[in-house]
Structure formats: C-alpha cells, structure tokens
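One structure below.
The values are calculated or read from the model by the stated rules, or taken from the named source; none is laboratory data. Note that the structure is a prediction, hence the values are computed from the model and not measured. For neighbour counting, all protein chains shown are included, and Cβ atoms are generated from backbone atoms with ideal geometry for every residue, glycine included.
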Amino acid sequence: MTSLPPAPLTRGAPQWLARIDKPPREDAGAAFTTPWPTFLAGQVERPIRVVLIDEDESARRAVVHELVTDSRVRVVGEAASMREAKRLLAQQAFDVLILDVRLGGGKGFDLIASTKRHDSSAEIIVHSTLDDEAHVRRAFAHGASGYLVKNSWFQNFTQAVLQVVNGGAAVSPNVVRHMLIRQGPCAFVSSGDNSAIRRALSAREREVLQLVARGHVTQDIARQLSISAQTVCAHMKNICHKLHTRTRAQAVTVATSQGLL
C-alpha cells in the first residue's frame, strides 16, 4: 500500500487528526512486539482483513495510518461513497468493516444491516462524529459490534478491530459513560424477581458470564471450559434472552446489578 503524506494540522483541527501528524514508522506492517495468544484471531500469518468506508478522506487516512503499523491487521480496501462501498463490499472479502453511518446522507445504517444479512460473521465498527444515544443504539440494533467517536483520544483502532473479531465490543469510553449516567446501571433489565433470573441461568451459563465479566473473549472461554466457540455463543444468546439484554456488556451490567456475579 502506498503511504499517504501526513496532512498538516491547523488550529482548531479535530483531535483525531493528530494521529496522522507523525509519518508512519519505517517498519510499518512489521510484527508487533507484544505477545499475542495463538488461539486468538489476528495472527501474523493470517491478519484480520479490514475495509474502511468514509466520505471524509482525512478520517480514512487517520485510521489507515494506525492500522498499517500492526501486522495482525491488513487494510484490504477503501471507499468514499455509497456507490463505491457497495461495489467494494460485493467484490472484496473482509473480516471487519469500519464505516461512518452518515455515508450517503445517513444510509450507512442500511449498509450495516445489508452487510450482516449477506455475511453474518462480518464485524462492523461505526466511526462517526455522531455520539448521541439514539444513533449508538440504532447502530447496534442494525448489527454493529463497535462504535468509535471521531473526536475521541481514548481509543485504538487496532485494538478495536482485534476486540470485535474475538467476540468483544469496541465502544468509545465517552459513549459508555454517557449512556450509563443517563440510564443508570439497571437500564437494560426489565423489572422482575432476580431470584427467578438466578434460577433461569444454568450453572454453565453463569460460568460463561463470569468469564465474560473478567474480560475473556469467545475463544478463550471455549478453551477454558473445553467447549466450542459456537457453544459459547449459544450460551451468550440464551443469557441475553433471559436477562432481556442485547449485548454481552449489557448482560454483565445487569447480572452485576442483580447480584448474579
């Protein structure tokens, strides 16, 4: 991939542009130095394939500039319009899609849904200036597994990609805090008897949920419990259904607030 020259920063420029203020390392794409477990997705010999779709060229450059420095991840395509995006997604195999939902006047949400219908295993991370609760919830409802705000310092694109492909979620800290403060820790659970919820969860489901709460991803949980990754996902689906939640993070929050962990 041909490196793009860094854009000069101007007074008042968005914070995330600082990511491209420095030129890429000479060893860009070389193997990382931090140990990475072999059972996790994202190995040097089989990097995670990423497609980036955003009408903002500077935003795309910022993301690419970071991703190309890690050999666990490989950018395989970029698009700057809805038309280009549809053509690219139809032709290019990928594992993670990073896109701005404002693409095509807000049709990025439709692109999330259509991508998940076409390939349910594809992971989608929204990268947008929109950080209100309605847009975040809409993105996750359509199938996104990550939501990163463009003007946030406290996020890492490579980490986000590796998190979602290994069963986790990637959300900007300010978005999480905003939703927790606004709705409180029990926002995602319906009223009811927590003893009934406790009885509804099987012993194995509680084991899975405890490991999720400790930060373990799907493959790690499967290895520790000697079950398949598909079985882990099935347990999580049942857990979310019983706790009336949609995501693992919500399930952990509800279980903690109900004293189930």
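A compact table of results
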item: Qualifying residues in the stretch 44-74 (those that are of a type in the set (Asp, Glu) and outside any loop (DSSP other than H, G, I, E, B)) - the one farthest from residue 156 (Cα to Cα); result: 57
item: Residues satisfying the stated conditions in the stretch 78-100, i.e. surrounded by fewer than 17 Cβ atoms within 10 Å (Cβ to Cβ) and of a type in the set (Asp, Glu); result: 84
item: Tally of residues being in contact (Cβ under 8 Å) with a residue 60 or more places away in the chain and surrounded by 18 or more Cβ atoms within 10 Å (Cβ to Cβ) across the stretch 113-159; result: 5
item: Which numbered condition residue 237 misses (of (1) part of a helix (DSSP H, G or I); (2) of a type in the set (Lys, Arg); (3) at pLDDT below 75); result: (3)
item: Hits in the stretch 171-213 - residues which are in the same structural domain as residue 143 (by TED's automatic domain parsing) and at pLDDT 80 or above; result: 171, 172
item: Of all residues in the stretch 198-224 being surrounded by fewer than 16 Cβ atoms within 10 Å (Cβ to Cβ) and aliphatic (A, V, I, L, M), the one that is nearest to residue 42 (Cα to Cα); result: 203
item: Neighbours by Cβ (under 6 Å, 6+ apart or cross-chain): first from the stretch 225-250, of a type in the set (Ser, Thr, Tyr); second modelled with pLDDT under 80 and not in a helix (DSSP H, G or I); result: 245/188
item: Number of positions in the stretch 141-179 that are among the hydroxyl-bearing types (Ser, Thr, Tyr) and closer than 16 Å to residue 121 by Cβ; result: 1
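Residue-wise test of (1) polar (S, T, N, Q); (2) in contact with a Lys or Arg (Cβ under 9 Å, 6 or more places away or on another chain); (3) assigned by TED's automatic domain parsing to the domain that holds residue 160; (4) within 25 Å of residue 136 (Cα to Cα).
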position	(1), (2), (3), (4)
223	no, no, no, no
240	no, yes, no, yes
244	no, no, no, yes
253	yes, no, no, yes
